[in-house]
Amino acid sequence: MTADSTPALVQQADAATDGPPAGPSAARGPRARNTTAYLKYVAAKIAGAVVSLFAVLVTSFFLFRLIPSDPVKQMTGGRPVSAEQLESLRHQLGLDQPMWQQFTSYIGDALTGDFGVSFAYHAPVMDKIVEKLPATLLLTGTAYILYSLIGLWLGTRTAWRNGSAGDRFNTALALTLYSVPSFWLGLLLIIVFSVGIGPIPGMFPTGGMSSGDTGGFDYVIDVAHHMVLPVITLVAVGYAQTLLVMRSSLLDEMGSDYLTTARAKGLRDDVVRRKHAVPNAMLPTFTLMFVNLGHVVAGQILVETVFSWPGLGSLFYQGLSTPDLPLVQGLFFVFATAVILANTLADVLYPLLDPRVGR
């Protein structure tokens with residue numbers, strides 16, 4: 001080693017000893033990088049949601065025009081109508097315009113929140129949606145809370161006691177209910193508990209939201225009475241799905257080393273389950289719950305129709321029967337928007353639960 005190389009070695013040693021410059025900016029470095037990565041992740045998810053919403057807007061226009069039915073003839077109800085009257089009605093509804101002109105008008109109006117006027121109700125589509133939305137939120141919101149809580153609780157219990165008689169029974173029941181069509185289950189409940197069969201008397205209304213002749217607290221009781229069967233139908237299918245996902249996720253976590261370590265430290269089995277296993281197993285169920293949250297607004301078309309529940313689902317079914325193009329287009333966009341926004345919200349919150357996501 002020569003004397004000339006000594007100063008260079010000393011300078012390198014000094015630089016290594018000093019390390020990176022101290023200060024608030026250095027302390028915030030990793031956190032700032034994580035925040036930037038998270039913001040980019042959120043921006044990408046929001047951009048994807050916007051693209052999806054526009055795709056839904058375009059799809060909703062063309063999809064329902066494939067229905068092999070003439071809205072004008074359906075609205076006349078088979079009454080004898082002259083060709084001039086049919087053409088006049090088509091002109092009033094804008095159905096005589098070229099397809100491209102109908103499409104551009106629809107996109108332009110929809111971007112401002114105007115989905116046109118319903119053919120059947122002669123009222124703005126958004127007004128009808130706002131009118132029917134509370135009934136849907138009451139029914140599906142109540143069912144959502146119940147089946148989420150029941151599914152999480154039973155899914156956790158069955159997985160933690162894997163192989164027991166309770167696990168086998170609950171899993172078999174959940175698989176059965178999950179495979180049953182909701183409208184079929186609803187019809188079965190109506191036959192047994194509304195009409196009555198054998199020794200079982202009819203105890204619940206066959207449909208509707210209220211009897212229409214009550215007020216005050218009696219009205220609340222009446223609505224709750226009408227909600228029993230449709231809520232049971234939604235809960236039976238929804239809880240089964242939540243249970244199966246939660247059970248599967250928790251079973252995947254039960255063989256992990258960190259649970260063995262927690263038990264080796266002397267933690268009670270209940271503490272290991274609640275504070276260690278369940279939080280990590282919640283991630284797939286968390287996503288499912290947000291998807292189902294979107295369906296709270298979208299409603300349950302078949303269940304609402306079977307029970308004649310005056311919500312968005314029944315409104316959509318009635319619009320399809322015409323077809324009431326502005327109404328079904330607006331409802332389809334609202335349903336899809338609710339699901340897309342719920343999924344986007346889940347994606348945005350997911351990195352807060354699992355920091356590995358979005359890095």
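The values are calculated or read from the model by the stated rules, or taken from the named source; none is laboratory data. As the structure is a computational prediction, the values presented were derived from the model and not from experiment. With ideal geometry, Cβ positions are generated from the backbone for all residues, glycine too; neighbour counts draw on all protein chains shown. Side chains are part of the model used for accessible areas, which takes the heavy atoms of the whole protein and leaves out ligands, DNA and RNA. Shrake-Rupley method; radii C 1.70, N 1.55, O 1.52, S 1.80 Å.
Evaluated against (1) surrounded by 15 or more Cβ atoms within 10 Å (Cβ to Cβ); (2) at pLDDT 85 or above, LEU267 falls short on exactly one condition, (2). Against the test of being over 26 Å from ILE150 (Cα atoms) and not charged (D, E, K, R), the options LEU267, LEU243 yield a single qualifying residue, LEU267. Just one of the listed residues (TYR239, TYR219, TYR258) is farther than 30 Å from GLY163 by Cβ and of a type in the set (Phe, Trp, Tyr), and it is TYR219.
In segment 103-125, the residues that are at pLDDT 85 or above form no Cβ pair under 6 Å with any partner that is among the small types (Gly, Ala, Ser) and open to solvent by 40 Å² or more (accessible area, probe 1.4 Å), whether six or more places apart or across chains. Taken over segment 208-227, residues that are closer than 23 Å to TYR144 by Cα and out of contact with any Leu (no Cβ under 9 Å at 6 or more places or on another chain) amount to 9. Of all the residues in segment 297-348, those that are open to solvent by 50 Å² or more (accessible area, probe 1.4 Å) and at pLDDT below 85 number 3. Residue-level check: of (1) at pLDDT 90 or above; (2) within 19 Å of LEU185 (Cα to Cα), VAL237 misses just (1).
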